[in-house]
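Engineer: Quick one: the structure is below, questions incoming.
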Amino acid sequence: MMLTEARKDELARLLRPVAPPRELDDVYSQEQLQRLLGVVRNSGPHKLIIAQHFASAEELIATSAGGVPEGVTPTLEMFLSPTFRNFFGNHATCLFPEINDCFYNDKFLEIAKNYWGARYARPQMMLFNVNGPCGNTDPGHLDSPSFRGIRYENSPTWLCSVMGKSGLFRDHLIKMAQVITWFSHDPGSGFTYWPEGPRAPPRRVNPPIYNRGVVVQNEMMVHRGEANGPAEQQFPEGLDFSSVFAGDPDSREHWIVKTGDAVIARYHTDQLRFLAHWSAEVYEDFAELKKNMDHTDDLTFDQVFDTLIKDVRSKGIHVETPTDPLHDPVFIRTINAAYDIGRPTSYPPEALVTRFRATA
């Protein structure tokens, strides 16, 4: 199914944040960083991002900007990279009291409110991504948006992403702001983003990005982290969906990647690319706050799927009504294709862009 250029332009205009990202310097103190890394070490091991969020290649592709090349059958293995994730806080609750000041962060709350011009904000979630040298097959993606009733906590990542890309549920979109901070010494690895939509020129947070960050609405802006480290170390041999990241028990300054009992990679802290992602819900006024808290205007899954199916069919696209819409790969592929405008039209020439991994 091919979208017209006019339709692609229409959908691309939806994928813009409320305001361009604002860069931040010296986001955390070194003492806070040590406590954050201490939680990473003490709460491990940590699973791959891809192993936690996606049951099929179709689900993953639905979150990204563009599919796979024509004639290629997508598999999750194509997107396998050694990036690991876990949560510092979730459901508006800090999970580790030693980092309460990082999660219940007055400075971040003021930044989030100022970014939106809003009256209220509350911390909702804080996670980390961590890796050593790492390739990046991501052409650009949206973070998972949340809607009243359909949220990242209770819904598949792919569904929230498609709801955001479709533009059909903007009246129910929960305003959010993130403070995203990187710690990386790599001189060539930055952050690429498309604040005017993926068919407009990109911008970049240039490296080095050690203790530098942005405040942003990443749910409505295509963006991508960049590859880092020596190319020959970016995909360690033996990596698979069971691989985990943990502190090296023999050295406080080193970290390991294990597949089963085998250590397949070992990194010094200075080789890491560590990302701390803090996210807040933002409410323009008390009426909006009350509507969110009272659940008086929540969506249901039936409403969402009825709306998507009717909209797709209205455009002349055949889609069956599935028995398992949350996980049916044919349904997911069809619905996503109706709103997928493809990869961004351009990338910064200096950014490291890794294409799909070759698979047998």
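Engineer: Is region 216-225 home to any residue that is closer than 30 Å to Val263 by Cα and crowded, with 21+ Cβ neighbours inside 10 Å? Talk me through it step by step, then tell me what you get.
Structural biologist: Taking region 216-225 as the starting set, the residues that turn out to be closer than 30 Å to Val263 by Cα are 224-225.
Now drop any that are not crowded, with 21+ Cβ neighbours inside 10 Å, which leaves 224-225.
Checked against the condition, which is being closer than 30 Å to Val263 by Cα and crowded, with 21+ Cβ neighbours inside 10 Å, region 216-225 yields at least one hit.
Engineer: Another question, if that's okay. What number of residues within region 305-322 are of a type outside the set (A, V, I, L, M, F, W, C), in a loop (DSSP other than H, G, I, E, B) and in contact with a Ser or Thr (Cβ under 9 Å, 6 or more places away or on another chain)?
Structural biologist: As a first pass, look at region 305-322 and keep what is of a type outside the set (A, V, I, L, M, F, W, C): 306-307, 310-311, 313-316, 318, 320-322.
Keeping just the survivors that are in a loop (DSSP other than H, G, I, E, B) gives 315-316, 318, 320-322.
Those left that are additionally in contact with a Ser or Thr (Cβ under 9 Å, 6 or more places away or on another chain): 318, 320.
Residues that pass the stated criteria total 2.
Engineer: Cβ contacts < 8 Å: first residue assigned to a loop (DSSP other than H, G, I, E, B) and among the acidic types (Asp, Glu), restricted to region 212-241; second residue surrounded by fewer than 21 Cβ atoms within 10 Å (Cβ to Cβ) and at pLDDT 95 or above, any location; separation 6+ or different chain. Result?
Structural biologist: Glu237/Ile264; Asp240/Thr259
Engineer: Look at region 83-118 and say how many of its residues are more than 19 Å from Arg22 (Cβ to Cβ) and part of a loop (DSSP other than H, G, I, E, B).
Structural biologist: 6
Engineer: A further question follows. Could you check region 259-298 and list, in sequence order, the residues that are touching a Pro at 6+ places or on another chain (Cβ under 9 Å), buried (at least 21 other Cβ atoms within 10 Å of the Cβ) and aliphatic (A, V, I, L, M)?
Structural biologist: Ala265, Ala280
Engineer: Which numbered condition in (1) more than 16 Å from Arg343 (Cβ to Cβ); (2) over 20 Å from the mean Cα position of the chain (by Cα) is the only one that Gly213 fails?
Structural biologist: All conditions pass for Gly213, except number (2).
Engineer: Among Arg203, Arg148, Arg224, which is the only one that is modelled with pLDDT of 95 or more and in contact with a Phe, Trp or Tyr (Cβ under 8 Å, 6 or more places away or on another chain)?
Structural biologist: Working: Arg148 fails: in contact with a Phe, Trp or Tyr (Cβ under 8 Å, 6 or more places away or on another chain); Arg224 fails: modelled with pLDDT of 95 or more.
Checking each option against the conditions leaves just Arg203.
Engineer: Which of the residues belonging to region 138-161 are surrounded by fewer than 23 Cβ atoms within 10 Å (Cβ to Cβ) and in a helix (DSSP H, G or I)?
Structural biologist: Passing the criteria: only Thr157.
Engineer: Among the residues of region 189-206, are any under 20 Å from Met176 (Cα atoms) and of a type in the set (Lys, Arg)?
Structural biologist: Checked region 189-206: no residue is under 20 Å from Met176 (Cα atoms) and of a type in the set (Lys, Arg).
Engineer: I would also like to ask the following. Is at least one residue of region 250-258 under 26 Å from Leu24 (Cα atoms), touching a Gly at 6+ places or on another chain (Cβ under 8 Å), open to solvent by less than 10 Å² (accessible area, probe 1.4 Å) and in contact (Cβ under 8 Å) with a residue 12 or more places away in the chain? Steps first, please.
Structural biologist: Residues of region 250-258 that are under 26 Å from Leu24 (Cα atoms), as a first pass: none.
Checking region 250-258: not a single residue is under 26 Å from Leu24 (Cα atoms), touching a Gly at 6+ places or on another chain (Cβ under 8 Å), open to solvent by less than 10 Å² (accessible area, probe 1.4 Å) and in contact (Cβ under 8 Å) with a residue 12 or more places away in the chain.
Engineer: Out of Gly197, Gly135, which single residue is open to solvent by less than 10 Å² (accessible area, probe 1.4 Å), of a type in the set (Gly, Ala, Ser), within 30 Å of Asp306 (Cα to Cα) and touching a Lys or Arg at 6+ places or on another chain (Cβ under 8 Å)? Spell out the reasoning first.
Structural biologist: Working: Gly135 fails: within 30 Å of Asp306 (Cα to Cα).
Only one candidate passes the filter, namely Gly197.
Engineer: When region 5-40 is examined, which residues are found to be in a helix (DSSP H, G or I) and either surrounded by 15 or more Cβ atoms within 10 Å (Cβ to Cβ) or at positive phi (or both)? Step through it out loud before you land on a result.
Structural biologist: So in region 5-40, the residues in a helix (DSSP H, G or I) come out as 5-12, 30-40.
Within region 5-40, Lys8, Leu11, Ala12, Gln32, Leu33, Arg35, Leu36, Leu37, Gly38, Val39, Val40 meet the criteria.
The values are calculated or read from the model by the stated rules, or taken from the named source; none is laboratory data. Keep in mind it's a predicted model, so treat the numbers as computed, not measured. For neighbour counting, all protein chains shown are included, and Cβ atoms are generated from backbone atoms with ideal geometry for every residue, glycine included. Surface accessibility is based on the protein's heavy atoms, side chains included, excluding ligands, DNA and RNA. Shrake-Rupley method; radii C 1.70, N 1.55, O 1.52, S 1.80 Å.
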